[in-house]
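S.K.: Shown below is the structure under consideration.
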Amino acid sequence: MLSTFASRGLIKLELTRALRNRKFLFFSVIYPSVIFLLVSNQTGTVDGTGLSIAKYVMVSMASFGALTAVLMGNSERIAKERENGWVRQLRLTPLPGRGYVLAKTAGAAVVSLPSIVVVFIVAAVLKDVRLDAWQWLALTGAIWAGSLVFAALGVAIGYLASGDAVRPITMIVYFGLSILGGLWFPSTTFPTWLQDIAKWLPTHAYAALGQAIEQSQSPHAKDVTLLVVYFALFAGGAAWLYRKDTLKA
């Protein structure tokens with residue numbers, strides 16, 4: 001019971017801190033919408049999808065915004081908390097290791113919701129993107145749920161690196177996953193060998209969820225399975241790193 005209250009308290013704290021961070025809100029909420037407006041001016045469809053450029057980029061930028069919110073926010077914040085002793089203080093509470101990881105993951109994922117919704121509103125109002133009501137709801141749910149994978153990755157990186165090392169490591173992972181996963185450019189424009197690699201990345205599967213819904217199709221089982229496996233790996237790694245860090249303290 002005490003551990004449950006502790007987890008809820010930590011989630012509320014994470015939400016409050018994130019919403020007060022103006023730089024965080026700019027890069028996770030406003031920045032993806034700006035990129036969407038710049039790129040979606042092009043006409044035509046994206047090869048291999050049948051989707052208009054505006055629809056394709058809308059899903060990509062909503063996913064990119066959610067990725068920014070959960071990955072960038074979690075990793076650097078956790079590394080700083082380890083340095084200033086906040087994590088050591090949490091260990092004195094009833095909060096267990098798995099509760100810490102879940103609280104960090106859930107708190108970051110909730111903050112990612114505005115990133116998704118704002119891109120959708122901009123697309124519908126300024127670019128006249130039209131979808132059925134069920135598609136808007138399904139897109140929001142799928143992209144939001146998928147962001148949990150990268151929230152767990154952010155926790156793992158926060159415990160894997162510390163100090164000055166966490167930012168460059170996070171940026172390499174962040175841009176690498178975004179570009180190679182097809183969030184910035186359609187993966188169909190990549191060389192064949194690179195497309196084969198991209199298909200196994202979590203960001204490629206993540207964007208594919210939304211693209212399938214826009215095409216009025218069910219998400220592919222392979223993409224869903226990949227995301228579940230990656231979430232298990234990242235969350236498990238984060239919990240192991242947390243316990244390892246605890247033993248050092």
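S.K.: Leaving out ligands and nucleic acids, note down the accessible area per residue over segment 96-249 with a 1.4 angstrom probe, in whole Å². Present the calculation step by step, with values, prior to reporting the outcome.
M.R.: Working: 7150 Å² over 154 residues.
Averaged over the residues of segment 96-249, the accessible area is 46 Å².
S.K.: Also, quick follow-up: Top to bottom by accessible area (1.4 Å), largest first, where do 183, 233 land?
M.R.: Values: 183 5, 233 110 Å².
Ranked from most to least accessible, the order is 233, 183.
S.K.: Taking amide hydrogens as modeled 1.01 Å from N in the peptide plane, which residues meet the under 5 Å criterion relative to residue 162, leaving out close sequence neighbours?
M.R.: none
S.K.: Still on this structure, please answer the following. Got a sec? What order do 172, 116 fall in by accessible area at 1.4 Å, biggest, i.e. largest, first? Don't skip to the end; give the middle numbers.
M.R.: On the way: 172 125, 116 0 Å².
Result, largest first: 172, 116.
S.K.: Can you give me the distance in nm between label points at residue 42 and residue 185, each placed 7 Å from the Cα along the Cα-to-Cβ direction?
M.R.: Once both label points are built, they end up 1.0 nm from each other.
S.K.: How do 171, 72 stack up against each other in accessible area, from largest to smallest, with a 1.4 angstrom probe?
M.R.: Working: 171 60, 72 40 Å².
Sorted descending by solvent-accessible area, the residues read 171, 72.
S.K.: So how exposed is residue 80, as accessible area in Å² (1.4 Å probe, rounded to 10)?
M.R.: For residue 80, solvent-accessible area is about 120 Å².
S.K.: What aspartates and glutamates sit close enough to residue 55 to cross-link, taking a C-alpha to C-alpha distance under 12 Å and skipping anything fewer than 8 places away on the same chain?
M.R.: Output for residue 55: 128, 214.
The values are calculated or read from the model by the stated rules, or taken from the named source; none is laboratory data. A quick note: this is a predicted structure, and the numbers were derived from the prediction, not measured. Neighbour counts run over all protein chains shown; Cβ positions are idealised from the backbone, glycine included. Surface areas here come from the heavy atoms of the whole protein model, side chains and all, with no ligands, DNA or RNA. Shrake-Rupley method; radii C 1.70, N 1.55, O 1.52, S 1.80 Å.
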